[in-house]
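Asker: Handing you this structure, nothing more for now.
The values are calculated or read from the model by the stated rules, or taken from the named source; none is laboratory data. On a predicted model such as this, the values are computed, not experimentally measured, just so you know. Heads up, the Cβs are rebuilt from the backbone with ideal geometry, glycines too, and the neighbour counts pull from every protein chain shown. Remember, those area values only see protein heavy atoms, side chains included, never the ligands or the DNA or RNA. Shrake-Rupley method; radii C 1.70, N 1.55, O 1.52, S 1.80 Å.
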Amino acid sequence: MTETHTILTFDSPVVLVGGVPDPVGFSAVLSEWPTIAADSGVHAALEAGRKPLSIIGDMDSVNDLASLPADIRQIKLSGQDDTDFEKCLNLIVAPLIVGIGFIGSRFDHSLGVMNALAATSNQSDLLLVGADDVILRVRGDIALRLPVGKRVSVIPLAKQSFIASSGLAWPLDGLHMEFGQAIGISNRVMDEDITITAGAGDGYAVIAPFDCLESILGQLTKS
């Protein structure tokens, strides 16, 4: 049986919280943005002083649903064919979704998150924040300003071709990337204004060090 729920639509960015505690990530992301919790992420959010508007998931990792504040909307979705992160992406529409607490702990969970970035039809900008890295899901072209010398990796979400790039130590011009064939680990920023012109493909992830978060957030939320 298919479960249907109202899509949660926001005009502002949304902070989506997973179950990996990350106080540094919380302190770096604006507190006034609405917060949504993915399953046990509700505990991480409350411990960080943020009360989510909603909790989404199969609720198998929540300690006691009845003890949660009554004004947190509970959206229970059963099924093991998708993760709680995917369940959230299926219901949230926002200009930007910033995920905290999804990467950097269990490697299998991080792989599941990367799979979700490849599989989701969600068209929002998606930025995941970890203790060491930030991951931006990209479909199409992108222009970013990053400090010269910073590590930046470009990882295909399945298959992705590139037409051109600028500002990188190793250009992406004419490259085709595919898992099991070629990926772009540990490129480097040579000019603070970098551009990537993408060809056909499934999208890609741009991975940069955590200390680039403030800059990337500022560029994604610039009006």
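Asker: Testing V62 on (1) crowded, with 17+ Cβ neighbours inside 10 Å; (2) modelled with pLDDT of 90 or more; (3) over 14 Å from the mean Cα position of the chain (by Cα); (4) among the β-branched types (V, I, T), one condition comes back false. Which one is that?
Answerer: (2)
Asker: Sticking with this structure for a sec: Within the range 106-120, identify whether any single residue is among the small types (G, A, S), assigned to a loop (DSSP other than H, G, I, E, B) and farther than 21 Å from S12 by Cβ, and answer yes or no.
Answerer: Within the range 106-120, not a single residue is among the small types (G, A, S), assigned to a loop (DSSP other than H, G, I, E, B) and farther than 21 Å from S12 by Cβ.
Asker: State which residue is farthest from the chain's Cα centre (by Cα) when the search covers only the range 65-92 and only residues that are part of a loop (DSSP other than H, G, I, E, B) and of a type in the set (G, A, S).
Answerer: For the range 65-92, the residue satisfying everything is A70.
Asker: Looking at I155, I216 in this structure, which one is more than 19 Å from L16 (Cα to Cα), surrounded by fewer than 21 Cβ atoms within 10 Å (Cβ to Cβ) and hydrophobic (A, V, I, L, M, F, W, C)? Talk me through it step by step, then tell me what you get.
Answerer: Numbers: I216 fails: more than 19 Å from L16 (Cα to Cα).
Among I155, I216, only I155 is more than 19 Å from L16 (Cα to Cα), surrounded by fewer than 21 Cβ atoms within 10 Å (Cβ to Cβ) and hydrophobic (A, V, I, L, M, F, W, C).
Asker: Checking T4 against (1) open to solvent by 30 Å² or more (accessible area, probe 1.4 Å); (2) under 20 Å from A131 (Cα atoms); (3) at pLDDT below 85, which test does it fail?
Answerer: With respect to (1) open to solvent by 30 Å² or more (accessible area, probe 1.4 Å); (2) under 20 Å from A131 (Cα atoms); (3) at pLDDT below 85, T4 is out only on (2).
Asker: Among the residues of the range 122-141, are any closer than 26 Å to K87 by Cα, in contact with a helix residue (DSSP H, G or I) (Cβ under 7 Å, 6 or more places away or on another chain), open to solvent by 20 Å² or more (accessible area, probe 1.4 Å) and part of a strand (DSSP E or B)?
Answerer: Within the range 122-141, one or more residues are closer than 26 Å to K87 by Cα, in contact with a helix residue (DSSP H, G or I) (Cβ under 7 Å, 6 or more places away or on another chain), open to solvent by 20 Å² or more (accessible area, probe 1.4 Å) and part of a strand (DSSP E or B).
Asker: Those residues that are in contact (Cβ under 8 Å) with a residue 40 or more places away in the chain and out of contact with any Ser or Thr (no Cβ under 8 Å at 6 or more places or on another chain), I need them from the range 186-204; list them, please.
Answerer: V189, M190, E192, D202, G203, Y204, listed by residue number.
Asker: Out of all the residues in the range 160-184, which are closer than 16 Å to V138 by Cα and either outside any loop (DSSP other than H, G, I, E, B) or in contact (Cβ under 8 Å) with a residue 40 or more places away in the chain (or both)?
Answerer: Residues satisfying the conditions are Q160, S161, F162, I163, A164, S165, H176, M177, E178, G184.
Asker: Then there is this: Going by the conditions given, is A169 more than 19 Å from the chain's Cα centre (by Cα), open to solvent by less than 50 Å² (accessible area, probe 1.4 Å) and within 22 Å of P95 (Cβ to Cβ)?
Answerer: no
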